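One structure is given here, and the rest of the page talks about it.
The values are calculated or read from the model by the stated rules, or taken from the named source; none is laboratory data. Predicted, not measured: the structure shown is a model, and the values here were computed from it. Every residue, glycine as well, gets a Cβ built from its backbone with ideal geometry; the counts of neighbours run over all protein chains shown.
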Amino acid sequence: MKANKPSTMAMVLDKSEKGQSLIEIIVALALASLVAVGLVRVTTTSIKGSRYSSDQSRMTALAQKQIAEIIDYKNAHPDVFWDWGYNPLDEENASEGYCLDPSVTNVSSLLPTETPDYANAEMAKITVKVFWDEKGAGIQCASKNYNYSLNFDTYVTN
């Protein structure tokens, strides 16, 4: 029997079809790397946004609770509150990573005085500043510095 020996043309075609060249592999890896970096950035941004949104909701609830406590105090002790003897204490919770800074300010001068209904009226501005995500020493709340803050204001009258 005679052995079939491949022709020279068949040998050339076989060599060119054996695999990928080094340049093709490098280009493919570069494209895959670009896609991977893009996916990592999108995922990181999404996670940060989700965390900020969650933190913001939590801080809003804490501020609303603080405002409600001040209003409850106003209703329970109007004589002390409207004598401007009430001063809410700063509430700090460093282990939780946030700081509340409540204040009550007399803004009765904003009320119109020319009408009899407002002659004896008083108005207070309740402000609660909330700071979170500590980043080192500073002066914003309880001698610390935070990355994020929200400010909540409401007004109450007697």
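What to note about this one:
- So ALA63, is it touching a residue at least 40 places away in the same chain (Cβ under 8 Å), of a type in the set (Gly, Ala, Ser) and either under 23 Å from ASN147 (Cα atoms) or loosely packed, with under 10 Cβ neighbours inside 10 Å (or both): yes
- Scope the range 117-153; condition among the charged types (D, E, K, R), closer than 27 Å to TRP82 by Cβ and at pLDDT 75 or above; matching residues: GLU122, LYS125, LYS129, ASP153
- Within the range 81-116, the set of residues being under 16 Å from THR157 (Cα atoms), modelled with pLDDT of 85 or more and either loosely packed, with under 13 Cβ neighbours inside 10 Å or out of contact with any helix residue (DSSP H, G or I) (no Cβ under 6 Å at 6 or more places or on another chain) (or both) comprises SER103, VAL104, THR105, ASN106, VAL107.
- Test: residue in the range 19-42 that is surrounded by 12 or more Cβ atoms within 10 Å (Cβ to Cβ) and either at pLDDT below 90 or closer than 25 Å to PHE152 by Cα (or both): no
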